[in-house]
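The next block holds one structure in the form of structure tokens; read it before the comments.
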Amino acid sequence: MLVKTGIAINMMDPGLVAIVASRSGLSLKHGVRVAQGIGVIDADYHGEIGVILTNDSEEAYEIQPGERVAQLMFQPVVQVALHFVDAFSTETERGAGGFGSTGKA
């Protein structure tokens, strides 16, 4: 469910991104966590922060007013220019092996 936080931001800095992350204790003890792993708030977003939470436990959990349900972190963002190519100019040992192609150990 979407939980409104009552906290609004207006970063307006393309060199930053805000990350909404789960609280470890809430996740461990009650199975309540940020639904998509992390939430990303882009620099050009301004307004109230909403946190999408999911409950992985069998027990209902009631969020109390003022309860800390997630944590907010600010991270630098590197702006990159992408160049589209028909083929790569270098080869790697992994190649185009895809997920799991490097093994477990």
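The values are calculated or read from the model by the stated rules, or taken from the named source; none is laboratory data. Since the model is a prediction, treat every value here as computed from it, not as a measurement. A quick note on method: Cβ atoms are made from the backbone with ideal geometry, for glycine too, and the neighbour counts reach across all protein chains shown. These accessible areas exclude ligands, DNA and RNA; they are computed on the full protein's heavy atoms, side chains included. Shrake-Rupley method; radii C 1.70, N 1.55, O 1.52, S 1.80 Å.
So in the stretch 54-105, with the set limited to residues that are in contact with a helix residue (DSSP H, G or I) (Cβ under 9 Å, 6 or more places away or on another chain) and among the hydrophobic types (A, V, I, L, M, F, W, C), which one is nearest to V20 (Cα to Cα)?
Selected residue: A70.
Search the stretch 76-105 for residues being part of a loop (DSSP other than H, G, I, E, B) and closer than 30 Å to V51 by Cβ, and hand back the single one that is nearest to the chain's Cα centre (by Cα). Spell out the reasoning first.
Residues of the stretch 76-105 part of a loop (DSSP other than H, G, I, E, B): 77-105.
Keeping just the survivors that are closer than 30 Å to V51 by Cβ gives 77-80, 99.
Values: V77: 14, V78: 17, Q79: 18, V80: 20, F99: 21 Å.
Out of the qualifying residues, it is V77.
How many residues, within the stretch 40-50, are open to solvent by 60 Å² or more (accessible area, probe 1.4 Å) and closer than 18 Å to T5 by Cβ?
Narrowing the stretch 40-50 to residues open to solvent by 60 Å² or more (accessible area, probe 1.4 Å): 40, 42, 44-46, 48.
Those still in the list that are closer than 18 Å to T5 by Cβ too: 40, 42, 45-46, 48.
Total satisfying the criteria: 5.
Yes/no per residue for (1) open to solvent by less than 90 Å² (accessible area, probe 1.4 Å); (2) out of contact with any strand residue (DSSP E or B) (no Cβ under 7 Å at 6 or more places or on another chain); (3) without any contact (Cβ under 8 Å) to a residue 24 or more places away in the chain:
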| position | (1), (2), (3) |
| --- | --- |
| I52 | yes, no, no |
| E62 | no, yes, yes |
| D86 | no, yes, yes |
| G95 | yes, yes, yes |
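Hey, among L28, L2, which residue is in contact (Cβ under 8 Å) with a residue 12 or more places away in the chain and out of contact with any Ser or Thr (no Cβ under 7 Å at 6 or more places or on another chain)?
Numbers: L28 fails: in contact (Cβ under 8 Å) with a residue 12 or more places away in the chain.
Result of the check over L28, L2: L2.
Taking the stretch 24-39, which residues are open to solvent by 60 Å² or more (accessible area, probe 1.4 Å), in contact with a strand residue (DSSP E or B) (Cβ under 6 Å, 6 or more places away or on another chain) and either of a type in the set (A, V, I, L, M, F, W, C) or within 17 Å of K4 (Cβ to Cβ) (or both)? Explain how you work it out, then say what you get.
Of all residues in the stretch 24-39, those open to solvent by 60 Å² or more (accessible area, probe 1.4 Å) come to 24, 28-30, 33, 36, 38.
After this cut, where a residue has to be in contact with a strand residue (DSSP E or B) (Cβ under 6 Å, 6 or more places away or on another chain) as well, the list is 33, 38.
Hit for the stretch 24-39 is I38, nothing else.
In the stretch 64-75, which residue that is touching a residue at least 40 places away in the same chain (Cβ under 8 Å) and assigned to a loop (DSSP other than H, G, I, E, B) is least open to solvent (accessible area, probe 1.4 Å)? Let's see the steps before the verdict.
At the first step, the residues of the stretch 64-75 found to be touching a residue at least 40 places away in the same chain (Cβ under 8 Å) are 68-75.
Among the residues that remain, those that are also assigned to a loop (DSSP other than H, G, I, E, B) are: 68-69.
Values: R68: 163, V69: 15 Å².
By that ranking, first place goes to V69.
Among the numbered criteria (1) assigned to a strand (DSSP E or B); (2) touching a Leu at 6+ places or on another chain (Cβ under 6 Å), which one does T54 miss?
(2)
Applying the selection to the stretch 64-84, what residues are touching a strand residue (DSSP E or B) at 6+ places or on another chain (Cβ under 9 Å) and β-branched (V, I, T)?
V69, V77
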